[in-house]
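Contents: one structure, followed by commentary.
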Amino acid sequence: MSTALSPGAVSAVIGHQVRRAAQTPKTFVNWAALLRDMTFARIGRGPEDLTFVTRGGLRISCPNRPGARVPIYEVFAEDTYQLESFLGPLLRQPLRVVDIGAHVGAFACGLAALSPQATIECFEPSPNTAAYLRRNATQNGLA
């Protein structure tokens with residue numbers, strides 16, 4: 001069984017890496033340190049944690065592993081949930097949101113920044129990930 005990637009798969013991986021590298025300076029004020037630390041993580045020399053500082057001032061920390069960073073890019077770089085257009089005028093209402101599988105809190109922190117009067121209850125089953133969730137809520141004044 002071959003583990004080699006097809007040319008199409010290699011192209012997709014490279015395209016994804018290029019897209020992430022381009023998104024980082026547009027989305028995070030500490031982009032240079034993030035790109036450096038993510039690169040060094042590939043060779044086992046990067047820090048264990050990363051803290052992303054958004055252009056809006058939110059600080060989101062996570063383990064320095066590719067899968068752990070995905071929700072941060074989905075919420076802040078790609079606007080995957082399109083919360084402003086989806087919720088529209090509801091963002092000015094006292095929302096109550098339950099975030100099950102909250103991961104490190106990227107969604108909850110992003111929503112709280114858009115709707116400061118929202119009450120967001122987060123549940124994360126992984127104790128290690130829940131520790132990042134608590135840290136992110138606290139460092140952004142949302143605990």
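Among PRO94, PRO71, PRO116, which one shows the highest mean-square fluctuation when the chain is modelled as a Gaussian network with alpha-carbon springs under 10 Å? Highest fluctuation of the listed residues: PRO94.
Mind checking the full-extension length gain between GLN23 and ASP79? Use 0.36 nm per residue of separation minus the Cα-Cα distance, one decimal, nm.
Taking GLN23 through ASP79 to full extension adds about 19.0 nm, to one decimal.
Order the following by accessible area, largest value first: VAL104, VAL97. Probe radius 1.4 Å; ligands, DNA and RNA are ignored.
VAL97, VAL104
With respect to the chain, whose longest principal axis is taken over its alpha-carbon atoms, helix 127-139 is tilted by about 60°.
If you plug the beta carbon distance of PHE40 and ARG92 into 1/(1 + (r/R0)^6) with R0 = 35 Å, you get a FRET efficiency near 0.25.
Here the Gaussian network model covers the chain, with springs between Cα atoms less than 10 Å apart; of LEU90, LEU133, LEU58, LEU90 fluctuates the most.
Take the solvent-accessible surface of the protein heavy atoms, probe 1.4 Å, and return the percent of it on the range 73-113 that carbon and sulfur atoms account for.
The C+S portion of the solvent-accessible surface of the range 73-113 is 54 percent.
Computed from backbone phi, the HN-Hα couplings of the range 24-35 come to 4, x, 6, 10, 10, 5, 9, 4, 5, 5, 4, 4 Hz, rounded to whole numbers (Karplus: 6.51 cos²θ - 1.76 cosθ + 1.60, θ = phi - 60°; Gly and Pro given as x). For the range 111-122, 3J(HN,Hα) computed residue by residue from phi via the Karplus equation (6.51, -1.76, 1.60; θ = phi - 60°) reads 5, 4, 5, 7, 9, x, 8, 5, 9, 10, 9, 10 Hz, glycine and proline entered as x. Using a Gaussian network model of the chain in which every pair of alpha carbons under 10 angstrom is joined by a spring, one finds that among ARG20, ARG59, ARG96 the greatest mean-square fluctuation is at ARG96.
The values are calculated or read from the model by the stated rules, or taken from the named source; none is laboratory data. Fair warning: this is a prediction, and the values are worked out from it, not measured in the lab. No Cβ is skipped: glycine too gets one built from the backbone with ideal geometry, and neighbour counts run over all protein chains shown. Accessible surface areas use protein heavy atoms only, side chains included; no ligands, DNA or RNA. Shrake-Rupley method; radii C 1.70, N 1.55, O 1.52, S 1.80 Å.
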